[in-house]
Structure formats: structure tokens, C-alpha cells
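Student: Pasting a structure below so you can have a look.
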Amino acid sequence: MEDKNIIIKKIDEYIDWLATPNEAFGGFPVCPFVEKERAAGKLKYEVFSPSDNISLFDLIDKWDMEDEYNSMIIAHLSDIRLSEYKNFQHYINRRLRKKKMGYIKAICFHPDDTFEVGGVKTRAKAPYFLI
């Protein structure tokens, strides 16, 4: 596995891109909310591997108990295929609702996703599968 600091640096570069105004979005950033969270220190980064001794939901529980963060990006270092990632996103959200944590919404980005707006592939620059 890559060094955690390198992984976080690559994610931060992707966040830079998401926060940059883009003509395809009327001069607004691809994600108009992420920079405010990051600048306020409210965005937490985590790296998760299925071989870790902690579950994905344990990471989410821990983040939810920390008052200092509003948002979290998890680099999920796994072999989740493009054809599976939307089902995985739905699975996470269902589990959160079962845990009475429906106030949290998971959105997943797969680097092989071809979703685009105005010719801009918004997820293709994601360095990893991100939650």
C-alpha cells in the first residue's frame, strides 16, 4: 500500500480540482461545498483497506463522534469494480439508516466512472475509489 501521506496528498489534489471554478459549471466549482469544509478544517481524510483491523463503519462511527468534522473522505483501497460501486454506495447508506444514522449520506466516486457534465468527467480525476 502507498504511504498514507501520499494517498492524502493525491486526494487533496483532487479536492483542489473539484474546488476550482469550471466553465462547464457556469464558472462555479465542480463541487461548490468542498472548499468551504476544507478551509474551515471540517473535512477529515481517512484511508481504508479491507485488510485493516477496523471496519468501514467503525471509521464512520468514530468520525461521527468527533465534533470537529462535518465531512469525511475515505480512500477505499480495494478492488471495487465500476459495475459494483453504486450498489456499494446504496449498501453503505442502507446500513447507516439501520444504525439510525440516516442523517449521514455516503456518495462514492469511482475513477473509472464516465459521468460528465459539459464534457468534464467529474469522477475520472479521483485518484482512488472514494467515499
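Student: Of all DSSP beta bridges located in the chain, what percent are antiparallel, nearest 5?
Tutor: Antiparallel bridges make up about 45 percent of those DSSP assigns within the chain.
Student: Shifting gears a bit: Could you give the angle, 0 to 90 degrees to the nearest 10, between helix 56-65's Cα long axis and the longest principal axis of the Cα atoms of the chain?
Tutor: Tilt relative to the chain: about 80 degrees.
Student: Could you give the angle, 0 to 90 degrees to the nearest 10, between helix 4-19's Cα long axis and the longest principal axis of the Cα atoms of the chain?
Tutor: 40 degrees
Student: How far apart, in nanometres, would the label points at Asp79 and Ala124 be if each is projected 7 angstrom from Cα along the Cα-to-Cβ direction?
Tutor: Distance between label points: 2.6 nm.
Student: Quick one: grab the alpha carbon gyration tensor of region 47-108, order the square roots of its eigenvalues as a ≥ b ≥ c, and give me rounded if a/c is under 1.5, else prolate or oblate depending on whether a/b is larger than b/c.
Tutor: Because a/c hits 1.5 or more and a/b fails to exceed b/c, region 47-108 counts as oblate.
Student: Stick to Cα atoms and the Kirkwood definition of Rh, then tell me Rg/Rh for the chain.
Tutor: We get a ratio of 0.95 for the chain.
Student: Something else now. Among Ala19, Ala40, Ala106, determine the one that fluctuates most according to a GNM of the chain built with springs between C-alpha atoms less than 10 Å apart.
Tutor: Checking each option, the largest mean-square fluctuation is seen for Ala40.
Student: Let me have the 222 nm mean residue ellipticity of the chain computed from DSSP H runs of 4+ only, each contributing -39500 (n - 2.57), with the sum over all residues rounded to the nearest 500.
Tutor: -11000 deg cm²/dmol
Student: Provide the FRET efficiency to the nearest 0.05 for the Ile54-Lys10 pair, computing r from the beta carbons and using R0 = 25 Å.
Tutor: 0.70
Student: With angles folded into 0 to 90 degrees, how steeply does helix 85-98 sit against the dominant principal axis of the chain? Use alpha carbons for both and round to 10.
Tutor: 50 degrees
Student: Now a separate question. Would you mind getting the Kirkwood hydrodynamic radius of region 11-62 from its Cα pairs, rounded to one decimal in Å?
Tutor: Taking every pair of different Cα atoms in region 11-62, averaging 1/r and inverting gives 12.8 Å.
Read-outs throughout are calculated quantities, based only on the coordinates presented, and are distinct from any laboratory measurement. Here the structure is a predicted model, which means the values were calculated and not measured. For neighbour counting, all protein chains shown are included, and Cβ atoms are generated from backbone atoms with ideal geometry for every residue, glycine included.
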